[in-house]
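Written below as structure tokens is the structure these notes are about.
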Amino acid sequence: MVASIRAHGAVEAVPRPPAVPVHERLAGRIALGLVAAVLVVLAWKLPIWQARLSAPQYPQGLSLTASASGVTGDIAEINELNHYVGMRAFDQSDAPEMKLWTPVIALGLAGVAVVTVLPKRRLLARLARLGLWMIPIGALADVQFRLYQYGHSVQPDAAIRIDPFTPLVVGSTKVLNFTTWAFPGEALWCLFGVAFLLTFWGRTVRVVRWAIAAWRSWGVDEEDEAEPEAA
């Protein structure tokens, strides 16, 4: 039995929601797996990481987007700015790991399949969930490492001298009169959502079912109290 608090402060017992039939649990797990698989597939082509630079001389701003196809955006303009402060120019070959995104997505789909099809293999399912969390976290860590490399490649004989710095992979970084806002792309949000769903779905469903049962019981009690007044 669980307790619910009524409006006047009394505590009453609320029956637990009935157990979910096996076939309903199976259908729910399959539906969840399909939703997770769709999100992983969407993450394949969506942006992994994005950044936007703003400064008075660039009122429209400059942007960078990293995805499975590489880094796109205002690369030429940003490389020109990097030249003045002594940072090396960006080249697509500087991030060869971007080519690994497709295999990583395949591993994500395999992790979803393990959690969906083999839930009773607890160790294997836990490792699969851990792997799903590590995909977006690892992607952010990799981008942060590359940003560190660029921020510490400053040449001392540049036209405009600045100290080495570390751009943030998430958040704002200010250098001279430039402010850079960086944030995870839609691909990583999809993958974080997949990891969350497959890790906490069972608990979330139990909480929702308990809340529905408590609400229904509360509503019945209110109706029972209102009947004598109507009479």
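Computed from the coordinates by the stated procedures, all read-outs in this text should not be read as laboratory data. Small disclaimer: the values here were computed from a predicted structure and weren't measured. Quick reminder, even Gly has a Cβ in these numbers, built from the backbone with ideal geometry, and neighbours come from all protein chains shown.
Give me the tail of P(r) for segment 34-202 as a percent: Cα-Cα pairs with distance above 24 Å. For segment 34-202, the share of Cα pairs beyond 24 Å comes to 42 percent. The calculated FRET efficiency for the pair L140 and A27, based on their C-beta separation and a Förster distance of 30 Å, comes to about 0.30. Once the Cα-Cα distance is subtracted from the 0.36 nm per residue extended length, the T199 to Q92 segment shows a gain of 35.0 nm. Full extension of the segment from R126 to F183, taken as 0.36 nm per residue of separation minus the current Cα-Cα distance, would add 17.7 nm.
By the rule of a C-alpha distance below 19 Å, with chain neighbours fewer than 8 residues away ignored, the lysines paired with K99 are K45.
Distance between the modelled labels on S69 and A211, one decimal in nanometres: 4.0 nm (7 Å Cα→Cβ projection).
Think of each Lys and Arg Cβ as +1 and each Asp and Glu Cβ as -1; about the Cα centre, that makes the dipole of segment 66-119 roughly 300 debye.
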